[in-house]
Amino acid sequence: MPPEPSDLAPLVTGWFRTNARDLPWRRPGFPAWGTLVSEFMLQQTQVSRVIPRLEEWLGRWPTPADLAAEPPAEAVRAWGRLGYPRRALWLHAAATQIAERHDGIVPSDVDQLLALTGIGDYTARAVAVFAYGDRHPVVDTNTRRVIARAVRGQGEPGPPNAKADLPAMEALLPASRSEAAVFNAGLMEIGAVVCTARAPRCEECPLREVCAWRAAGYPAYDGPVKTKQKQFAGSDRQVRGIIMAELRSTHRSLTDAELRALWPDGEQFDRALAGLVADRLAVRVDGGYALPHD
């Protein structure tokens, strides 16, 4: 029998208050802009890689207006090797929109956040909850996994589905704004460090006595699965990364010949470069290519 929502909240919040990792964005006084930047950086990137880059970023651009005043190329260059550099362009665009539309203040309203470039359901609600303390369901991969196991008795959550995932989390949220914020962070933390995808540490889990999956004997999951990402080595993503690293390393445009020397497969190189141009991560300048300048 699945646990009642009232059974989960005190277990999650009590555990989180004692066991939460000390992360910059959880410290008192951390700015809303910092929360927004951290959420962009944390998408598909490990916490350990994000923290030093986040500190550098906020040291250089402590407000949205500071970033908006720089050309997009500087955002891409400062992004370094975090991966998925389109996030840097989106963050620069969002900073510009915040400076122009919201007097440089990151909005707390979910709809206003969703109107910013690069911000979806998760990021909008995460900023509203973790920066401003508003009451909304915040759902990421870790949250979905814990709900699937503890509430539904399934080993995996299946593909993301906001129309189902947000109501499932909403049903579990405490009524109190402050407790709801802690519960959002706590359920996410349990999924990140205890109820992990490959090696769940069930004996250490605060939900072990009420977990429907554990009570059912850990049945194997046989439902739909999320499409797996292709291997990185030899992929177009790798070629894109090599080209981007070269563009970041110089403040001049690079000729087609200079870039082509980076990868032996001409057809794959052309495809990767065309994708970067389409994404506006590379632009034609003086017969060569450079990072975007406006």
| said: I want to confirm something. Restricting to the stretch 253-294 and keeping residues that are at pLDDT below 85 and either of a type in the set (S, T, Y) or closer than 20 Å to A75 by Cβ (or both), which single residue is surrounded by the fewest Cβ atoms within 10 Å (Cβ to Cβ)? | reply: D294
| said: Considering only the stretch 78-92, I want to know if a residue exists there that is touching a residue at least 12 places away in the same chain (Cβ under 8 Å), part of a loop (DSSP other than H, G, I, E, B) and of a type in the set (D, E, K, R). | reply: yes
| Hits in the stretch 137-169 (condition: over 15 Å from A126 (Cβ atoms), in contact with a Lys or Arg (Cβ under 6 Å, 6 or more places away or on another chain) and surrounded by 15 or more Cβ atoms within 10 Å (Cβ to Cβ)) | P157
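With the structure loaded, tell me whether E179 is of a type in the set (D, E), touching a residue at least 60 places away in the same chain (Cβ under 8 Å) and over 22 Å from V110 (Cβ atoms) or whether it fails that test.
Numbers: of a type in the set (D, E): yes; touching a residue at least 60 places away in the same chain (Cβ under 8 Å): yes; over 22 Å from V110 (Cβ atoms): no.
For E179, the condition - of a type in the set (D, E), touching a residue at least 60 places away in the same chain (Cβ under 8 Å) and over 22 Å from V110 (Cβ atoms) - is not met.
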| task | For the stretch 206-217, name all the residues that are open to solvent by less than 70 Å² (accessible area, probe 1.4 Å), in contact with a Lys or Arg (Cβ under 8 Å, 6 or more places away or on another chain) and not in a helix (DSSP H, G or I). | result | C211
| query | Across the stretch 97-136, what is the total count of residues that are in a loop (DSSP other than H, G, I, E, B), touching a Pro at 6+ places or on another chain (Cβ under 9 Å) and either on the phi > 0 side of the Ramachandran plot or open to solvent by less than 30 Å² (accessible area, probe 1.4 Å) (or both)? | reply | 3
| request: Quickly run through the stretch 4-46 and pick out the residues that are aliphatic (A, V, I, L, M), assigned to a helix (DSSP H, G or I) and in contact (Cβ under 8 Å) with a residue 60 or more places away in the chain. | output: L8, A9, L11, V12, A32, L36
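The values are calculated or read from the model by the stated rules, or taken from the named source; none is laboratory data. These numbers were taken from a predicted model, which means no experiment stands behind them. Virtual Cβ from ideal backbone geometry, glycine too; neighbours counted across all protein chains shown. Protein only, heavy atoms only, side chains kept; ligands, DNA and RNA dropped before computing areas. Shrake-Rupley method; radii C 1.70, N 1.55, O 1.52, S 1.80 Å.
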